[in-house]
Amino acid sequence: MNPGKEKTIRVRLFLYFLFVVLVILNQNIPVSTAILTLSLLIFLLHPAERMRKGALPVALLVLASLGGNLFFFNGEVIFTAGPLVVTGTGLEMAVVRTSRVAGIIIASKLLVLTVPMEDMIHALKKLFSPLNRLRLPVDEFFDTTLLTLQFVPLLKKRLLEGYRAGSDGSRTKGLVNATRTLLPVLIDSIKDPESYIRQYKDRDESLREHTL
């Protein structure tokens with residue numbers, strides 16, 4: 001990674017962590033309303049489809065935060081609907097806490113969209129490297145995380161290849177063949193994960209060149 005790119009990633013990580021801290025500490029209602037509104041607009045209008053990936057769990061999390069704070073505070077009643085009572089205090093707490101959840105989710109999505117995951121892990125590894133002096137396994141943790149991120153997509157691809165190769169129109173045969181494919185893949189990856197990932201990527205690049 002060149003120094004300029006590394007510096008840019010560090011700045012983005014710093015801004016992200018700074019935003020998270022400020023959002024958590026914020027208690028101002030207008031600011032919270034602005035964060036919540038801006039988060040919703042970014043989520044809906046951002047040109048990248050990946051921004052809206054996982055829309056259902058995000059919506060459920062935000063609604064749970066909103067509902068969990070809206071109806072359970074004493075104070076001046078501003079709305080009632082049967083057993084549900086909304087107070088001024090409840091509304092304020094719901095806006096503040098929901099803005100934290102929504103703001104952090106959208107900020108995380110923007111960070112992932114603008115910084116490749118492998119570059120982010122390398123930057124975090126370097127950022128937390130001083131903790132190695134305290135004998136904390138920082139390098140091992142980030143190396144394992146990186147290998148996991150690289151390996152999981154390859155494992156999924158190999159399983160799909162095994163399923164398609166052995167299906168022959170039968171789902172059961174495809175699943176059996178995919179299971180048979182899984183065992184040697186896991187053994188090879190456990191023995192030497194770096195070499196396995198490198199060999200598999202080289203094979204993909206070779207096949208792509210022959211296709212072209």
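Values quoted throughout were computed directly from the atomic coordinates according to the rules given, and no laboratory measurement underlies them. Small disclaimer: the values here were computed from a predicted structure and weren't measured. In this analysis, Cβ positions are derived from the backbone assuming ideal geometry, glycine residues included, and neighbour counts consider all displayed protein chains.
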Too long for a 21 Å Cα-Cα cut-off, among Lys7/Lys53; Lys109/Lys156; Lys7/Lys126; Lys109/Lys157, are Lys7/Lys53; Lys109/Lys156; Lys109/Lys157
Check: the stretch 3-116 dipole with +1 on Lys, Arg Cβ and -1 on Asp, Glu Cβ, in debye
620 debye
Gained length - Leu40 relative to Leu84, 0.36 nm times residue gap less alpha-carbon distance:
13.3 nm
If packing is taken as the average count of other Cβ atoms within 10 Å, what order do 15-24, 34-43, 85-94 fall into, highest mean first?
85-94, 34-43, 15-24
So what J values fall out for the stretch 6-16 if you push phi through Karplus, 6.51 cos²θ - 1.76 cosθ + 1.60 with θ = phi - 60°, rounded to Hz, Gly and Pro as x?
5, 5, 4, 5, 4, 4, 5, 5, 4, 5, 5
